[in-house]
Amino acid sequence: MPNQLTISELSAKLANREVSAREATQACLDQIARVDGQIKAFISHDAADALAQADAADKALAAGEKKPLLGVPVAVKDVLAVKGQPLNCASKILGNFVSPYDATVVEKLKAAGAIVFGRLNMDEFAMGSSTENSAFGTTRNPWDTSRIPGGSSGGSAAAVAAQECVASLGSDTGGSIRQPAALCGCVGLKPTYGRVSRYGLVAFASSLDQIGPFTKNVRDAATMLGVLSGVDPRDSTSVPQPVPDYTKALTGDVRGLKIGLPKEYMIGGLDAEVKAAVDVAVKKYAELGAEIVEISLPHTDYAVATYYIIATAEASANLARFDGIRYCQRVDGADPIELYCKTRGAGFGPEVKRRIILGTYVLSSGYYDAYYLRAQKVRTLIRNDFLKAFETVDAIVTPTTPTAAFKAGEKSGDPLQMYLSDIFTISCNLGGICGMSLPCGFTANPKLPIGLQLLGKPFGEAMLLRVAHAYEQATSWHQETAPLRRWSSGRERKLD
Ligand code: GLN
């Protein structure tokens, strides 16, 4: 079925008219109908609109047009603005808000010919690591539906792993692309800060947020990144770096490259099966001719604390706009203060409230110097650790997550345990560098995906993709698919 293909496979079949864009889109919609009652990756989708876009793509294909994503169904996280579609950030607070404009990445996907459809579930305002903080219910991991898909872009990862779309978009502030990609067995890429425009992404922590793709393999990630990247006058933090053809970097060759292994990442708390899989992956790189170099990132220990000061501080400022006056499902009060309190009290979930309270505290006078300012200084030290390491190595390899997917409910009552599941992904955002996760094995029982994280220099995505692709070519993890079961009236049955 066309929904099971990669972007490059589907594009080839669309180009030689073996498959139409309508068939590809319909196959995704059918898959949603078959499995999404159980996976719950989508908050909503508009089938008629998706098929209308597919028909337009078929006309363009018939006219011989060539575009990198022509006719490819791509779904997006509910934090990105798509004109005419609901935008909720998986929160109750936005009510029935409909976006009046397209995010730059959505414009770019459309210009590249993609069929942009669906609103993918996430943790409310992208705060979380399990998608359990959604006001629209928890997304389930397609490999084991008693487990979470990761977060905050859990819907984006689960939808790709469950073959409900060919690729998707997510956002990553502290790991929200790489962590769910690892837990669902797909490829997730967080570009360098400034590589991709954030215009039309609802801001969580503006100095950390980046948009990036979820795909089934590294080549597709390269194709998506080429479409998404580039400077944008509407985002002053986007950088005017040329956008290379990232697919040209996929040489399959890592001979002579230096790959750094940070000693601080092989810590206690790292699951034995995850560690073993990463060790084997590192050996594979050595077999492929790369030189493995032990490196040190000495400020790693401070990353989680630093992140939860900076991210909450920025979130408390960014989320001030959801006040019941300019946006939001308003709850009236006797005066404006009561209106704000009632609207925000009713609209935000507990994790978002926790973050706003924490962020307001670390910015408050008397605490600003002790927390926020100090965290900014540590952030610079973390970035300098990376820049120093990249003077000697071409890429850094680590586990993406300390464990495979955990059970729904296992950590939701303990925010600190949940925060610690981001321990390997957070530094990359603080350092402003690029990173990705790709499949590197499975746990034995139950069989759950394990992710390998690769980190690259600022604007070094071409090298990152080259290193990832060489490993992918030498292994077959990415070819395994989740054992989806048909979901009907509580009975499960294996799909043929
Ligand atoms: N899990 C992290 C958090 O809750 C990262 C979230 C993200 O990257 N959006 O803040």
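Values as computed for the structure displayed
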{"read-out": "Cβ-Cβ under 8 Å pairs, at least 6 apart or on other chains, region 300-316 side in contact (Cβ under 8 Å) with a residue 24 or more places away in the chain and under 19 Å from LEU387 (Cβ atoms), far side near the ligand (Cβ under 10 Å from one of its atoms) and small (Gly, Ala, Ser)", "value": "TYR307/GLY174; ILE310/ALA205"}
{"read-out": "Wholly enclosed strands (runs of 3 or more DSSP E) of region 194-301 bearing at least 1 residues within 16 Å of the ligand (Cβ to nearest atom) and at pLDDT 95 or above", "value": "210-215"}
{"read-out": "Residue under evaluation GLY155, criteria (1) in a loop (DSSP other than H, G, I, E, B); (2) farther than 23 Å from ALA346 by Cβ, criterion not met", "value": "(1)"}
{"read-out": "Wholly enclosed strands (runs of 3 or more DSSP E) of region 399-496 bearing at least 3 residues modelled with pLDDT of 95 or more and among the aromatic types (Phe, Trp, Tyr)", "value": "none"}
{"read-out": "Odd one out for GLY413 among (1) within 21 Å of LYS275 (Cβ to Cβ); (2) within 16 Å of the ligand (Cβ to nearest atom); (3) among the small types (Gly, Ala, Ser)", "value": "(1)"}
{"read-out": "Search result, residues across region 345-371 that are in a helix (DSSP H, G or I) and at pLDDT below 95", "value": "TYR368, ASP369, ALA370"}
{"read-out": "Answer residue from region 428-465, given it is more than 12 Å from the ligand (Cβ to nearest atom) and polar (S, T, N, Q) and is surrounded by the most Cβ atoms within 10 Å (Cβ to Cβ) among those", "value": "SER437"}
{"read-out": "Matching residues, region 172-193, being over 18 Å from LYS40 (Cβ atoms), more than 9 Å from the ligand (Cβ to nearest atom) and not small (Gly, Ala, Ser)", "value": "VAL187, LEU189, PRO191, THR192, TYR193"}
{"read-out": "Subset of region 310-338 [part of a helix (DSSP H, G or I) and crowded, with 18+ Cβ neighbours inside 10 Å]", "value": "ILE310, ALA311, THR312, ALA313, GLU314, ALA315, SER316, ASN318, LEU319"}
{"read-out": "Residue satisfying all of: in region 165-201; among the hydroxyl-bearing types (Ser, Thr, Tyr) and in contact with a Leu (Cβ under 7 Å, 6 or more places away or on another chain); farthest from GLN85 (Cα to Cα) among these", "value": "THR173"}
{"read-out": "Residue within region 362-376 that is touching a helix residue (DSSP H, G or I) at 6+ places or on another chain (Cβ under 6 Å), within 16 Å of the ligand (Cβ to nearest atom) and not small (Gly, Ala, Ser) present", "value": "yes"}
{"read-out": "LYS108 farther than 20 Å from LEU319 by Cβ and more than 16 Å from the ligand (Cβ to nearest atom)", "value": "yes"}
{"read-out": "First in region 27-41 and within 18 Å of CYS184 (Cβ to Cβ), second anywhere and of a type in the set (Asp, Glu) and surrounded by 21 or more Cβ atoms within 10 Å (Cβ to Cβ), Cβ under 8 Å, 6 or more apart", "value": "CYS28/GLU164; GLN31/GLU164; ILE32/GLU164; VAL35/GLU164; ASP36/GLU164; ILE39/GLU164; ALA41/GLU164"}
{"read-out": "Residue list for region 144-163, restricted to those being more than 14 Å from GLY451 (Cα to Cα), out of contact with any strand residue (DSSP E or B) (no Cβ under 7 Å at 6 or more places or on another chain) and more than 9 Å from the ligand (Cβ to nearest atom)", "value": "ASP144, THR145, GLY154, ALA162, GLN163"}
{"read-out": "Odd one out for GLY151 among (1) within 28 Å of TYR302 (Cα to Cα); (2) surrounded by 24 or more Cβ atoms within 10 Å (Cβ to Cβ); (3) touching a residue at least 40 places away in the same chain (Cβ under 8 Å)", "value": "(3)"}
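Listed here are the residues, each with its yes/no results for (1) surrounded by fewer than 23 Cβ atoms within 10 Å (Cβ to Cβ); (2) in contact with a helix residue (DSSP H, G or I) (Cβ under 6 Å, 6 or more places away or on another chain); (3) modelled with pLDDT of 95 or more.
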| site | (1), (2), (3) |
| --- | --- |
| SER8 | yes, yes, yes |
| THR25 | no, yes, yes |
| ALA47 | yes, yes, yes |
| GLN53 | yes, no, yes |
| ILE93 | no, yes, yes |
| TYR101 | yes, no, yes |
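The values are calculated or read from the model by the stated rules, or taken from the named source; none is laboratory data. All figures in this text were calculated on a predicted structure; none of them were measured in a lab. Neighbour counts run over all protein chains shown; Cβ positions are idealised from the backbone, glycine included.
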